[in-house]
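Before any comments, here is the structure.
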Amino acid sequence: MDEEIEEVDDDAAESEDESPPRRFGLKKMLIFTIVPVVVLGGGAAGAWWFGAFGGGEASMASAPPPKPAYFYDLPEMTINLSSIESRTQYLRLKVALEISDDDLIDEIEPVLPRVLDAFQVYLRELRVSDIEGSAGLMRLKEELQRRINVAVYPVKVDSVLFKEILVQ
């Protein structure tokens, strides 16, 4: 049985040696030369069109100026975190609200106790593991923004910015 396998391998080797060498066909040459040239040319034309090589000054001049942002600092909060351990842990938090119009501050201030209550109720249920790492802080930021937008509706807060976060 081993002899048969060897004979088959010998036949395959002989047939490979007898076949003429393959040439690089016209289709393959077109694919490997023309297609990259067309793709690179299209990329260069697109970059020029959007202002990387020319016309960048005109496109920058027509762009609208960025909208000014206004910030409102909330009072510092110290919260007792939820813990299974006998050791009590605290979270000290300084937050600023980013809003699009300075007049919105006058609408937020009257409902500030509602905002602080929503923050306190949510934050007291947190554990230290909930706010560990950048993913935990992003979830905390999104949840606080959602809660403040519910509390100050119809006013919309654009972002919640952390000025200080301290866990003890």
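The values are calculated or read from the model by the stated rules, or taken from the named source; none is laboratory data. In this text, all values refer to a predicted model and were calculated from it rather than measured experimentally. With ideal geometry, Cβ positions are generated from the backbone for all residues, glycine too; neighbour counts draw on all protein chains shown.
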* Is there a residue in region 83-98 that is exposed (fewer than 13 other Cβ atoms within 10 Å of the Cβ) and within 30 Å of Trp49 (Cα to Cα)? -> no
* **Scan of region 101-123 for residues that are at pLDDT 90 or above and not aliphatic (A, V, I, L, M), ordered by number** => Asp106, Glu107, Glu109, Pro110, Pro113, Arg114, Asp117, Phe119, Gln120, Tyr122
